[in-house]
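Just so it is clear, none of the values below were taken in a lab; they were calculated from the coordinates. Model, not experiment: these values are computed from the prediction. Don't worry about glycine lacking a Cβ; one is built from the backbone with ideal geometry, like all the others, and counts go over all protein chains shown.
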Amino acid sequence: MRKIYIVITALDSIKNSLIDQILVTKNEKLLKAISNIFESTENEDIMHLSSEQIEMLTFSENDIESKKIISEEKLMKSDRKWLF
């Protein structure tokens, strides 16, 4: 018989515990408060970029599409030559 190992991280454990508690509670005020917390934190994950940052990302994407890329190792060698 094959053994299957499941690794549960601390984050997974917290999520599972919260899910269990949410499923069994009958406290409507608590559920609304939890819902409000999720709604208020949704916008925190959104990054607002300046026009300059957007322009730099566009340049980067164009470079990648045009295969104008170098390895990190080559970049570090180039930097060392330029700096010293």
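Counting only lysines at least 8 places from K81 when in the same chain, there are none with an alpha carbon closer than 16 Å to its own. For the chain, dividing the convex hull volume of the Cα atoms by the residue count gives 281 Å³ per residue. Multiplying the residue separation of L49 and K68 by 0.36 nm and removing their Cα-Cα distance gives an extension gain of 4.4 nm. Considering helices alone, the calculated mean residue ellipticity of the chain at 222 nm is -21500 deg cm²/dmol, with DSSP H runs of length four and up weighted by -39500 (n - 2.57) and normalised per residue. The 3J(HN,Hα) values that the Karplus relation (6.51, -1.76, 1.60; θ = phi - 60°) gives for the range 68-84 are, in residue order, 8, 10, 9, 6, 4, 4, 5, 4, 5, 4, 5, 4, 5, 4, 6, 7, 10 Hz. Gly and Pro appear as x. Between N36 and L83, the simple spin-label model (points 7 angstrom out along Cα→Cβ) gives 5.0 nm.
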